[in-house]
Amino acid sequence: MPVKLILSAILGLLLTVSSPLTVTAEVISPKLQSVLDRTPSESISVIISLTTDETPVMLAKRLGPRQRSEIVRELTSVSEKNGRPLNQFLSQRNLTSARPLWLVNAMALTVSPELLAELATLSYVEAITLDEEVQLPSHRDADTSSAEWNIGRTGAPLLWQRSYDGRGITIAILDSGVNIEHPDLAGRWRGDAGDWFDPYNGSTEPYDFGGYHGTGVASVALGGHHSGSTIGMAPGASLIAAKLFRDDGTGNLSYIIEALQWVLSPGGNPERAPAVINNSWGFDDEAGNCLSSFGSGSSIYHLRTAIQTIKAAGIFVVSAAGNNGPDAATSVSPANYPESFSVGATWPDNTIAGFSSRGPSACPEDFTYPDLVAPGIAIKVAASGSGDTTSYQQVSGTSFSAPHVTGAAALLLSAANSLGLTLGVTEIDLALKYSATDLGPPGADDAYGFGLLNVANALNLIENKVLPDIAGNTPPSAPRTIIPTADTIFSTTDTITLAWEEATDQDGDELYYVVVVADNPYLNSPLDIGTYGFATTFVGLSLFGIARSRRPGKLIVTMFIPFLLVWLISCGGGGSGSNDSPQTTAYDFSQTIGPLNAGTYYWKVVVNDGRGGVSESAVVRFKVMSSSAP
C-alpha cells in the first residue's frame with residue numbers, strides 16, 4: 001500500500017519569526033484567568049484537577065466494562081485519597097470542603113481570587129479551571145403535519161413486530177428533567193432508589209419545567225401510544241433521569257460531571273447503571289471548537305474525560321449534533337468527542353435540516369461528523385403543563401433527533417439479549433453506522449454522516465453476522481513507541497523526533513495513525529489552533545507537523561498543547577515520505593517536533609483500521625529543560 005498522508009495545511013498564517021513562541025506553564029486556565037482579570041474581587045466557582053498516577057480513563061480502560069463496580073470503587077477511592085490534602089487545606093481556613101468529582105479526579109468549589117492564587121501553588125493541584133455554565137437548548141416549534149412520520153422512518157416498528165421493544169434495557173436522559181406522570185411515559189420509570197438525580201435542589205421525585213425539553217426527549221426514546229400512535233423508539237425500555245439544568249435553564253459543568261458520576265452508579269449501585277445515555281444539549285456558544293484541552297479558550301476538558309470514562313465502562317453515549325448549521329465546521333461538544341455518537345437532523349423528505357450542525361468535527365480524532373442523521377422536523381413529543389398531563393408538542397431540533405438513536409441502541413440491545421448475543425459499545429456504534437441509509441454524496445460526509453438511521457438494517461447486520469467485528473475483523477496490533485523513551489530529557493533548543501514501530505493488521509486493512517502529544521497526562525483533544533500539517537517547502541507558511549514514513553499507512557498528527565507551536569522545517573522535509581531522509585531510515589514512522597518550551601510532555605500513537613478496530617501505544621512521558629544556549 002502506498003503511504004498516504006491525510007493531513008490538512010493550516011493556511012493563511014504567515015511566519016515572521018522562526019523561534020518558538022514564549023509559553024508559561026500555568027495552573028490556572030486561560031479562560032479562568034480572563035474572568036479573574038475582568039472581576040478581580042468576586043468569588044468564583046472553579047474545578048480543581050488533582051495530580052494522579054493513573055487518570056480515570058486509563059483506570060476504566062484497564063479494568064474494562066465487565067468490572068464496572070470495581071471501576072467505581074477505585075475511582076472513588078483514588079478521588080478520596082487525592083482530595084484529602086485539599087480538604088485539609090480548606091479546613092485549616094475554616095472553609096467548606098470541596099465537592100468531589102471522582103469521575104475526573106477533580107473537586108469543585110467557590111473561592112476568592114486570593115485563595116485561588118494560593119491554591120495554584122499547591123503541589124497536588126494540577127490545574128484550576130472555570131466551572132462553566134451551559135444553557136438548556138430551546139426547541140424549535142413545528143407545524144402539525146406528519147407528526148408520527150419519524151418513528152416509522154427509522155425501521156423501529158419492524159423490530160416491535162418481533163417483540164424487540166427495548167424491554168430489559170435502561171436509558172438515562174440527562175436533561176431538564178422528566179414528567180413521568182405523562183401517560184406516554186407512565187410505567188416506564190424504573191423507580192428504584194436513586195433513579196432520579198437532582199444536583200441543584202436535591203429533589204427526590206422527578207419533574208420537568210418550562211418547555212418540558214427533557215420530557216419530549218424521553219418520549220422520543222421510549223414513549224408509548226396513549227394518543228393512538230407510538231411516539232417513542234423503544235416503548236418497552238426503562239427510564240431513569242438526571243436534572244442537568246436549574247429551573248431557569250442554566251447549568252454548570254461541575255453538576256453535569258456529578259450527573260455523569262451518577263450514571264455510573266445510580267443510587268450507589270453500579271450494577272444498576274443504564275446501557276445508554278442521551279445528551280440532547282451542548283455548548284452551542286462554542287460551536288466549531290473541540291472543548292477538551294486545558295489551554296483552549298474553554299475550561300470544559302473535564303467533560304471529555306468524564307465521557308471517555310463512561311464509555312470505557314461500557315455505556316453507549318448519544319449526543320445531539322447541535323443546531324448551528326448550515327455553515328460547515330459547526331460541531332459542538334460533547335457531540336464532537338470521538339466517544340460520543342453524534343446525531344444530526346433531517347426533514348420528512350430525508351434532506352438535511354438547515355439548522356443541523358455540519359462537520360468536519362473540531363476534534364481531529366472524530367473522523368465523521370455527525371455520525372449519522374435521524375428525523376428532526378415536526379416531531380410529536382410528550383409535554384406537560386399545570387394540571388395537564390396529556391398534552392403534546394410538535395418540535396424540531398437535533399435535540400429530538402438524538403433520542404431516535406438512543407432508542408435504537410436500546411432496541412438492538414434487547415434484540416441481542418433475546419438472540420443470545422453480546423453487544424458492546426463498539427458493536428452498537430458499527431451496527432448503526434454500517435446499516436445507515438446513505439444520503440447526500442456517496443459515503444460518509446459532513447452533513448449526513450454515514451446516513452439516515454435504519455435500525456432494522458442494523459439488526460440484520462447483527463443477526464446475520466456480517467457486522468465487521470462480529471464477522472471477524474481483528475483490531476490492529478498496538479504500535480510500539482521507540483523514541484523518546486520514558487523520562488527522556490531534552491533541551492529547549494532541541495528538535496525532537498517521535499518514532500514508533502508500524503502496527504500490523506491480520507485483515508490487511510489500511511491503517512490510520514494519530515500521534516498525540518500533550519502537556520498533561522489526560523491526552524485530550526486539541527485547542528482551537530491548527531493541529532494538522534504536512535511538510536512543504538512553501539516559504540512563509542506556518543506549518544504544524546512534518547509527517548515522514550517509509551511504510552504503508554495513513555498518518556494524522558495531533559499536537560495537544562495549550563500554545564501555538566511553530567514547526568521548524570528542514571531542507572528536503574517534503575510530504576512525499578522519501579526513504580533517503582536521514583531521520584526516517586531507522587524507523588517505521590517518525591514525526592519531528594520542536595523546539596518546545598520547558599515543561600513535561602506526554603505522547604502516544606493511536607492506530608485505527610477504519611472498521612472499528614482501534615489500538616494505541618502506551619503513554620510515554622518526556623521532559624524539556626531550559627537551556628542557557630544563546
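Okay, residues lined up against (1) open to solvent by 30 Å² or more (accessible area, probe 1.4 Å); (2) touching a residue at least 24 places away in the same chain (Cβ under 8 Å); (3) in contact with a Cys (Cβ under 9 Å, 6 or more places away or on another chain):
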{"position": "D248", "(1), (2), (3)": "yes, no, no"}
{"position": "I257", "(1), (2), (3)": "no, yes, no"}
{"position": "P266", "(1), (2), (3)": "no, yes, no"}
{"position": "N269", "(1), (2), (3)": "yes, yes, no"}
{"position": "C290", "(1), (2), (3)": "no, yes, yes"}
{"position": "V317", "(1), (2), (3)": "no, yes, no"}
{"position": "N323", "(1), (2), (3)": "yes, yes, no"}
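Could you tell me which residue of region 79-100 is farthest from L253 (Cα to Cα), considering only residues that are free of Cβ contacts under 8 Å to residues at least 40 places away in the same chain, open to solvent by 50 Å² or more (accessible area, probe 1.4 Å) and in contact with a strand residue (DSSP E or B) (Cβ under 9 Å, 6 or more places away or on another chain)? Going through the qualifying residues, I end up with L95.
Which of the residues that make up region 342-370 are more than 17 Å from D445 (Cβ to Cβ) and either surrounded by 24 or more Cβ atoms within 10 Å (Cβ to Cβ) or touching an Asp or Glu at 6+ places or on another chain (Cβ under 8 Å) (or both)? Steps first, please.
Going residue by residue through region 342-370, those that are more than 17 Å from D445 (Cβ to Cβ) are 348-349, 355, 363-365.
Listed by number, the list holds a single entry, C363.
Here A218, A193 are screened, and the one residue that is within 20 Å of P403 (Cα to Cα) and among the aliphatic types (A, V, I, L, M) is A218.
Counting only strands (runs of 3 or more DSSP E) that sit completely within region 234-332, those holding 2 or more residues that are over 17 Å from the mean Cα position of the chain (by Cα) and within 23 Å of Q33 (Cα to Cα) correspond to 250-252.
Of the conditions (1) within 26 Å of the chain's Cα centre (by Cα); (2) among the hydrophobic types (A, V, I, L, M, F, W, C); (3) modelled with pLDDT of 90 or more, I489 fails just one. Which one is it? (1) is the only condition that I489 fails. Selection of strands (runs of 3 or more DSSP E) fully inside region 419-505 by the criterion of at least 2 residues being surrounded by fewer than 17 Cβ atoms within 10 Å (Cβ to Cβ) returns 488-491. Of all residues in region 101-131, those that are part of a loop (DSSP other than H, G, I, E, B) and open to solvent by less than 20 Å² (accessible area, probe 1.4 Å) total 4.
Scanning for something more than 16 Å from the chain's Cα centre (by Cα), under 30 Å from L423 (Cβ atoms) and touching a residue at least 24 places away in the same chain (Cβ under 8 Å), does region 362-373 turn up at least one residue? The answer is yes; a qualifying residue exists.
Listed here are the residues, each with its yes/no results for (1) open to solvent by less than 60 Å² (accessible area, probe 1.4 Å); (2) out of contact with any strand residue (DSSP E or B) (no Cβ under 7 Å at 6 or more places or on another chain); (3) farther than 30 Å from T422 by Cα; (4) not charged (D, E, K, R).
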{"site": "R162", "(1), (2), (3), (4)": "no, yes, no, no"}
{"site": "T170", "(1), (2), (3), (4)": "yes, no, no, yes"}
{"site": "G177", "(1), (2), (3), (4)": "yes, no, yes, yes"}
{"site": "I180", "(1), (2), (3), (4)": "yes, no, yes, yes"}
{"site": "G202", "(1), (2), (3), (4)": "yes, yes, yes, yes"}
{"site": "Y207", "(1), (2), (3), (4)": "no, yes, yes, yes"}
{"site": "A218", "(1), (2), (3), (4)": "yes, no, no, yes"}
{"site": "H226", "(1), (2), (3), (4)": "no, yes, yes, yes"}
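Summed over region 432-468, the residues that are over 18 Å from S361 (Cα atoms), at pLDDT 90 or above and of a type in the set (D, E, K, R) give a count of 1.
Scanning region 382-415 for residues that are at pLDDT 95 or above and either farther than 18 Å from N323 by Cα or charged (D, E, K, R) (or both) yields T406, G407, A408, A409, A410, L411, L412, L413, S414, A415. In this entry, T55 is excluded by the filter for residues that are over 21 Å from V263 (Cβ atoms) and in contact (Cβ under 8 Å) with a residue 60 or more places away in the chain.
Right, I529: out of contact with any helix residue (DSSP H, G or I) (no Cβ under 6 Å at 6 or more places or on another chain), at pLDDT 85 or above, of a type in the set (A, V, I, L, M, F, W, C) and open to solvent by 10 Å² or more (accessible area, probe 1.4 Å) or not? Judged against the criteria, I529 is not a match.
The values are calculated or read from the model by the stated rules, or taken from the named source; none is laboratory data. No experiment lies behind these values; they were computed from the predicted model shown. Glycine also receives a Cβ, built like all others from the backbone with ideal geometry; neighbour counts cover every protein chain displayed. The protein model used for the area step is the full one, side chains on, heavy atoms only, and it has no ligands, DNA or RNA in it. Shrake-Rupley method; radii C 1.70, N 1.55, O 1.52, S 1.80 Å.
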